[in-house]
Structure formats: structure tokens, C-alpha cells
């Protein structure tokens with residue numbers, strides 16, 4: 001399954017670039033970096049010099065995902081950002097409107113509250129069952 005804005009919650013988040021868009025803690029807004037670790041209730045973002053552990057609850061994250069040909073096709077099929085499902089609250093495309101390079105997906109942290117392995121298995125069909 002390709003990593004698209006619609007399937008982001010069913011994929012591994014470690015390795016993706018993320019930014020805190022909104023937070024109950026005003027000091028956390030704007031923190032960005034690569035996701036280096038994920039637990040049931042936290043995400044750890046590294047900016048290269050330090051790692052910050054942020055709570056998922058009460059935080060809205062903006063993930064940067066690379067656009068591939070499959071993701072571009074899924075974006076065109078899904079319509080505009082206003083028509084996206086509620087699990088991916090918002091999407092803004094790369095530099096010039098289309099899916100050229102990266103896409104930005106905004107996700108409410110409470111949608112991520114679960115063990116990472118269970119979150120990725122629950123939503124999809126597992127070949128191991």
C-alpha cells in the first residue's frame with residue numbers, strides 16, 4: 001500500500017518529517033524535525049542537534065510525505081483538500097499546486113493514540129491473520 005495522505009495513519013511514522021502545527025503547550029508550536037521514535041502516547045522529533053518528546057494528545061502534527069506517482073494519482077482521485085476524510089484533517093500540495101515533490105498532511109494527535117504496531121495493523125487487511 002502506497003503512502004498517501006489518506007493512508008498515512010496506517011503507515012510507520014518513523015522517518016517522516018513532522019512539525020507541530022498546534023499544541024496545548026504554546027512553547028511546542030513550531031517544533032519540527034524527523035520522527036525518530038514513536039510510543040503509544042508520544043512522538044520523538046529530532047532536529048539534528050536534539051530530540052524532543054512530544055505528547056500526541058492535545059497536539060496537531062503536520063507531516064511531510066514524499067509524493068510518488070501512486071500518491072499523485074490518489075490525490076487526484078480524492079479531490080481537493082476540503083474533501084479529504086477526517087482522519088487527514090488537511091492537505092496542502094507542494095510548491096506549485098500539484099503533487100510535485102512533497103505533500104503536507106495535518107493530523108490531530110489524538111488519532112495517533114495507540115500502539116504504533118496496532119494502529120498500522122487495525123486499519124488494513126493483514127496477510128498474517
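The values are calculated or read from the model by the stated rules, or taken from the named source; none is laboratory data. What you see is a predicted model; the values in this text were computed from it and never measured. Here Cβ is always computed from backbone atoms with ideal geometry, including for glycine, and neighbour counts include all displayed protein chains.
Can you tell me which residue among 51, 14, 35 is modelled with pLDDT of 95 or more, surrounded by fewer than 14 Cβ atoms within 10 Å (Cβ to Cβ) and at negative phi? Steps first, answer last, please.
Values: 14 fails: modelled with pLDDT of 95 or more; 35 fails: surrounded by fewer than 14 Cβ atoms within 10 Å (Cβ to Cβ).
None of the other options fit; the residue is 51.
Which condition from (1) assigned to a loop (DSSP other than H, G, I, E, B); (2) in contact with a helix residue (DSSP H, G or I) (Cβ under 9 Å, 6 or more places away or on another chain) is the one that residue 43 breaks?
All conditions pass for residue 43, except number (1).
From the list 110, 120, which one is assigned to a helix (DSSP H, G or I) and either in contact with a helix residue (DSSP H, G or I) (Cβ under 6 Å, 6 or more places away or on another chain) or modelled with pLDDT of 95 or more (or both)?
120
I'd like the full set of residues that are over 17 Å from residue 41 (Cβ atoms) and assigned to a helix (DSSP H, G or I), limited to region 1-31.
Of everything in region 1-31, those that are over 17 Å from residue 41 (Cβ atoms) and assigned to a helix (DSSP H, G or I) turn out to be 8, 10, 26, 27.
From 11, 17, which residue is touching a residue at least 24 places away in the same chain (Cβ under 8 Å), out of contact with any strand residue (DSSP E or B) (no Cβ under 6 Å at 6 or more places or on another chain) and within 14 Å of residue 107 (Cα to Cα)?
Numbers: 17 fails: out of contact with any strand residue (DSSP E or B) (no Cβ under 6 Å at 6 or more places or on another chain).
That would be 11, the only listed residue that is touching a residue at least 24 places away in the same chain (Cβ under 8 Å), out of contact with any strand residue (DSSP E or B) (no Cβ under 6 Å at 6 or more places or on another chain) and within 14 Å of residue 107 (Cα to Cα).
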